[in-house]
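A.B. asks: Below is one structure. I have some questions about it.
Just so it is clear, none of the values below were taken in a lab; they were calculated from the coordinates. Because the structure is a prediction, the values reported are computed rather than measured. Glycine also receives a Cβ, built like all others from the backbone with ideal geometry; neighbour counts cover every protein chain displayed.
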Amino acid sequence: MYDFLIVGCGFAGSVLAERLANAGKKVLIVDKRDHIAGNAYDYYNKEGILIHKYGPHIFHTNSEEVFSYLTNFTEWRPYEHRVLGSVDGQLVPIPINLTTINTLYGKNLTSDEVVDFLASKAEQRKPVLTSEDVVLNAVGKELYEKFFRGYTKKQWDLDPSELDASVTARVPTRTNKDDRYFTDTFQAMPKNGYTDMFKKMLSHENIHIMLNTNYKDIVDIIPHKKLIYTGPIDTYFDYRYGKLPYRSIDFHFETLDTENYQQTGTVNYPTSNLYTRITEFKHLTGQVHHKTAIVYEYPKAEGDPYYPIPRKENQEVYNQYKKLAEETPDVYFTGRLGTYKYYNMDQVVAQSLALFKKMTKEDDGTQY
Ligand code: FAD
Ligand code: UDP
């Protein structure tokens, strides 16, 4: 008899498996894929280059709790991600910063002057409700068209006006020369990769892992007291309130017979090509190799669910599932798909740590 059956070996499931096992619980964790680590899975390709199977994963967080928790399972390699955008035939920093403006407009503005420049372009929007409002409010129509409209259409197959403000609000506007993609306190990559970190997290005598296993095939056979589910919540409930939409991506990998391919980890293509961005893994991993590996991302509607789509009508459907989830005894829902939230890795870790604490309080019988 297991205390917990956990569905999904990604961050959401693995953090809970580790916490619960550490607290003396017997855990069975399953994944329908043939590997652990969920969408953070990385591996060495046939040329020996470390790549991320489900697209580039860059770790960053402001949470000391999350960072120090993960430090139990990995050493870190400091890494600050930088992104260039291919716009008007030039490569310019994204997020838009002082250098971006000066390069695109052939100017030599100071930080103070660029504040006025952007204010003269910005279109005031009140209230700021959509992803279009966010960008027009900050930089105006011209830069919106150059950087956001086309990219967003490719990524989501929606106009920014059809998406919650939170989506484009992930990308700030800067008036200084800071060209880092993230400004979080902790920015680092697991030194030996994500999969290695997950292996350490899950290597506990109280954890049993089953891969290539859909939980539906074993849930009625293997006795367990409680279930933790980190897959898509609508699938769990057999789409009772209809399908929740997700975006998927085709990843097209190439290994090139050259040591370096591009200047920064990622180059975005906001207005050209069918792919949104190209990432060169060696920037992220720090690996030294005489070849290099890159990935193109082609967004699509069907396929593995990667991105919940933040917009009101989807949230309303999710709320119905959430209510159902709350009424389902002994089953917990967590993670990016389990709670239909556009969460980064660190947010998923924080969510699972919080759920563990909540479960500890709820549990009147056994000590955690
Ligand atoms: P997942 O990793 O999706 O794990 C869920 C697991 O459940 C999957 O392995 C799945 O196979 C399994 N599962 C589902 N249904 C079943 C079933 N019926 N039976 C058994 N198993 C099942 N975050 C960052 O912080 N930084 C980044 O740079 C970043 N880049 C990203 C780039 C891309 C292209 C994508 C798609 C995401 C990115 N993320 C990034 C987000 C990150 O991937 C997620 O926050 C995180 O992986 C979510 O973890 P999770 O455990 O909730 O879900
Ligand atoms: N975005 C954009 N142009 C860019 C970068 C981002 O329009 O050059 C928008 C787009 O809608 C994207 C969102 O901002 O989906 C969030 O970008 P982020 O890089 O955080 O996406 P992720 O890494 O999660 O795919």
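A.B. asks: For the chain, modelled as a Gaussian network with Cα springs under 10 Å, which listed residue fluctuates most, ILE49, ILE222, ILE294?
C.D. replies: Per the Cα network of the chain with a 10 Å cutoff, ILE222 tops the list.
A.B. asks: Now, a different point. Could you work out the local net charge near GLY193, counting Lys and Arg as +1, Asp and Glu as -1, over the other residues with Cβ closer than 15 Å to its Cβ?
C.D. replies: Details: positive: LYS53, ARG77, LYS191, LYS199, LYS200, LYS282; negative: ASP42, GLU75, ASP196.
Neighbourhood net charge equals +3.
A.B. asks: Taking the Cα centre of the stretch 224-309 as origin and charging only Cβ (+1 Lys, Arg; -1 Asp, Glu), how large is the dipole, in debye to the nearest 20?
C.D. replies: Details: 9 positive and 10 negative charges, 97 e Å.
With Lys and Arg at +1 and Asp and Glu at -1, about 460 debye.
A.B. asks: Between ASN62 and GLU316, with labels modelled 7 Å along Cα→Cβ, what's the label distance in nm to one decimal, could you check?
C.D. replies: Once both label points are built, they end up 3.2 nm from each other.
A.B. asks: Nothing charged except the Cβ atoms of Lys and Arg (+1) and of Asp and Glu (-1): what's the magnitude of the dipole of the stretch 11-105 about its Cα centre? Round to the nearest 20 debye.
C.D. replies: Its charge dipole is roughly 360 debye.
A.B. asks: Taking only Cα atoms, what is the 0 to 90° angle, nearest 10, from helix 131-143's long axis to the longest principal axis of the chain?
C.D. replies: The angle comes out at about 30 degrees.
A.B. asks: Please name which of THR230, PHE251, TYR261 has its Cα lying farthest along the dipole of the stretch 193-302 towards the positive end, using unit charges on Cβ (Lys, Arg +1; Asp, Glu -1) and the Cα centre as origin.
C.D. replies: Checked the options; the winner is THR230.
A.B. asks: Dipole of the stretch 1-136 (Lys/Arg Cβ +1, Asp/Glu Cβ -1, origin at the Cα centre): which of ILE101, LEU91, LEU28 lies farthest to the positive side?
C.D. replies: LEU28
A.B. asks: Also: Using the crude model of +1 on Lys and Arg Cβ and -1 on Asp and Glu Cβ, and no other charge, please compute the dipole size for the chain relative to its Cα centre, in debye to 20. Can you show the working numbers first?
C.D. replies: Working: 44 positive and 49 negative charges, 25 e Å.
The dipole magnitude comes to about 120 debye.
A.B. asks: Further, regarding this structure: Quick one: work out Rg over Rh on the C-alpha atoms of the stretch 159-223, Rh as Kirkwood radius.
C.D. replies: Dividing the radius of gyration by the Kirkwood radius yields 1.20.
A.B. asks: Continuing with the same structure: Å³ per residue of the Cα convex hull, for the chain?
C.D. replies: In the chain, the Cα hull volume divided by residue count equals 149 Å³.
A.B. asks: While we're here: Between ASN214 and THR183, take the C-beta separation as r, use R0 = 41 Å, and let me know the FRET efficiency to the nearest 0.05.
C.D. replies: FRET efficiency, ASN214 to THR183: 0.55.
A.B. asks: Can I ask one more? Less than 9 Å Cβ to Cβ from TYR269, Lys/Arg counted +1 and Asp/Glu -1: what total charge do the surrounding residues give?
C.D. replies: Charge balance near TYR269 sits at +2.
A.B. asks: Where does helix 312-326 land angle-wise versus the long Cα axis of the chain, in degrees 0 to 90, nearest 10?
C.D. replies: Orientation of helix 312-326: about 20 degrees from the principal axis.
A.B. asks: Would you list, by chain and number, the aspartates and glutamates whose Cα falls below 17 Å from the Cα of LYS322, excluding same-chain residues fewer than 8 positions away?
C.D. replies: ASP234, ASP238, GLU313, ASP330
A.B. asks: Here is a further query. I want the local charge near THR71. Using Cβ-Cβ distances under 12 Å, sum +1 for each Lys or Arg and -1 for each Asp or Glu among the other residues.
C.D. replies: -1
A.B. asks: Once amide H atoms are built 1.01 Å from N in the peptide plane, which residues 5 or more positions from PHE333, or in another chain, come under 5 Å H to H?
C.D. replies: It is TYR229, by chain and number.
A.B. asks: Based only on other Cβ atoms within 10 Å, what is the fewest-to-most ordering of ILE221, ILE228?
C.D. replies: Exposure proxy ranking, most exposed first: ILE221, ILE228.
A.B. asks: Go through GLN155, ASN137, THR185 and say which Cα lies farthest out towards the positive end of the charge dipole of the chain; charges sit on Cβ, +1 for Lys and Arg, -1 for Asp and Glu.
C.D. replies: Positive-most Cα among the choices belongs to THR185.
A.B. asks: Sort PHE147, PHE251, PHE182 so the one with the fewest other Cβ atoms within 10 Å of its own Cβ comes first. Please list the in-between numbers first.
C.D. replies: Details: PHE147 26, PHE251 16, PHE182 20.
Final ranking by Cβ density, sparse to dense: PHE251, PHE182, PHE147.
A.B. asks: Quick one: order MET359, MET197 by neighbouring beta-carbon count within 10 Å, fewest to most.
C.D. replies: MET359, MET197
A.B. asks: Show the residues, 5+ positions off or on another chain, whose built amide H is closer than 5 Å to the amide H of THR292.
C.D. replies: LEU256, THR258
A.B. asks: Between 0 and 90 degrees, rounded to the nearest ten: what's the tilt of helix 111-121 against the longest Cα principal axis of the chain?
C.D. replies: That works out to roughly 90 degrees.
A.B. asks: Additional query: Once you put a point 7 Å from the Cα of GLU75 and another 7 Å from the Cα of GLU123, both along the Cβ direction, what distance in nm separates them?
C.D. replies: So the label points at GLU75 and GLU123 sit 5.3 nm apart.
A.B. asks: Continuing with this model, one more query. Ratio of the stretch 1-149's C-alpha Rg to 2.2 N^0.38 Å, to two decimals? It would help to have the intermediate numbers written out before the result.
C.D. replies: Values: Rg = 22.4 Å, N = 149, 2.2 N^0.38 = 14.7 Å.
Against the empirical 2.2 N^0.38 Å value, I get 1.52 for the stretch 1-149.
A.B. asks: How are the alpha carbon pair distances in the stretch 296-360 distributed across 10 Å bins from zero to the largest one, expressed in percent?
C.D. replies: Once binned at 10 Å, the Cα pair distances of the stretch 296-360 give 18, 44, 31, 7, 0.
A.B. asks: What fraction of the DSSP beta bridges in the stretch 1-149 is antiparallel, stated in percent and rounded to the nearest 5?
C.D. replies: DSSP beta bridges in the stretch 1-149 are roughly 65 percent antiparallel.
A.B. asks: Now for a separate question. Pull up all non-local amide H partners of ILE96: gap of 5 or more, or a different chain, and H-to-H distance under 5 Å with H placed in the peptide plane.
C.D. replies: Here ARG174 satisfy the definition.
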